[in-house]
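First comes the structure, then the notes that go with it.
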Amino acid sequence: MRHNSFVTAFDHIDPRETPAYTVGEAAHYLGVPRTTMRSWFAGQRGFRAVIKPAESKGLGLSFSNLVEAYVLTAIRRKHQIALPSIRRGLDYVVRKLGAKRPLLQQKFATNGVDLFVEHLNTIINISRDGQVEMADLIRAYLERIDRDAKGVPIKLYPFMRTQAPREQPRTVVIDPRVSFGRPVIAGTGIPTAVLAEQFKAGDTVHVLAKEYGADEEAVWDAIRCELALEAA
């Protein structure tokens, strides 16, 4: 008899696997074009998708999907690697590491990155310098994912600014256990949407920071997180 405590890390009842984001919301939070985000989860021009969405019919994305797309963003940033090449590289990592969802798992964050980049080089012939640059960039992104003791992602700190990845503070966090997985100011639980709405209503950043006991830079990042979300 199977005991209820034996639940896998990616069980369907896990809040991290519950559909909580639209393609547009995910694209906005990660700074990716909506059409690109959709192609990752739905495929394009005869090519199958790279990531399986939590809800296929309506393309509802879970927190885990958001993390997978976030890592994929790092892979494509600057180099614009084609979707089929990325998929083949990930398939290779799956075979080598036995990682069912490589973009999500600790194995990819440790030795999987080098395996992926080296294999990608055989597909698209990027230079050695390009390999190093890509691997470093992916690791900089992976550093903004907090994991539990089992290596499963539990928090994501998306980038809110244009400066170099390692220079950006962790001001905004997405945690599926807080505010239904909507972005909040890190360490406070203050929804970024609330601050953005009050800012649009006329409150200044200085007033908002004082009212909520938050750092002004964090308030600015919270507003950046939500601006133009309606159009995403």
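Of the candidates Glu143, Glu118, Glu167, the single residue that is in the same structural domain as Ala214 (by TED's automatic domain parsing) and among the acidic types (Asp, Glu) is Glu167.
Of everything listed in (1) more than 19 Å from the chain's Cα centre (by Cα); (2) under 21 Å from Val23 (Cβ atoms); (3) surrounded by fewer than 17 Cβ atoms within 10 Å (Cβ to Cβ), the single unmet condition for Leu227 is (1). Checking each residue in the range 12-42 for being among the aliphatic types (A, V, I, L, M) and outside any helix (DSSP H, G or I) picks out Ile13, Ala20, Val32. Pick from the range 117-143 the residues that are free of Cβ contacts under 8 Å to residues at least 40 places away in the same chain and under 20 Å from the mean Cα position of the chain (by Cα): which of them is farthest from Ser85 (Cα to Cα)? Among those residues, the one meeting the criterion is Glu143.
Does Thr188 meet the test of being at pLDDT below 95, more than 25 Å from Ala74 (Cα to Cα) and outside the structural domain of His28 (by TED's automatic domain parsing)? Against the criterion (at pLDDT below 95, more than 25 Å from Ala74 (Cα to Cα) and outside the structural domain of His28 (by TED's automatic domain parsing)), Thr188 qualifies.
Condition (residue is in contact with a strand residue (DSSP E or B) (Cβ under 8 Å, 6 or more places away or on another chain), under 21 Å from Leu208 (Cα atoms) and in contact (Cβ under 8 Å) with a residue 12 or more places away in the chain) applied to the range 148-159: is it met by at least one residue? The answer is no; no qualifying residue exists.
The lone criterion from (1) at pLDDT 90 or above; (2) under 22 Å from Gln44 (Cβ atoms) left unmet by Gln80 is number (1).
The values are calculated or read from the model by the stated rules, or taken from the named source; none is laboratory data. Just so it is clear, the model here is predicted, and its values are computed rather than measured. Note: ideal-geometry Cβ built from the backbone for every residue, glycine included; neighbour counts use all protein chains shown.
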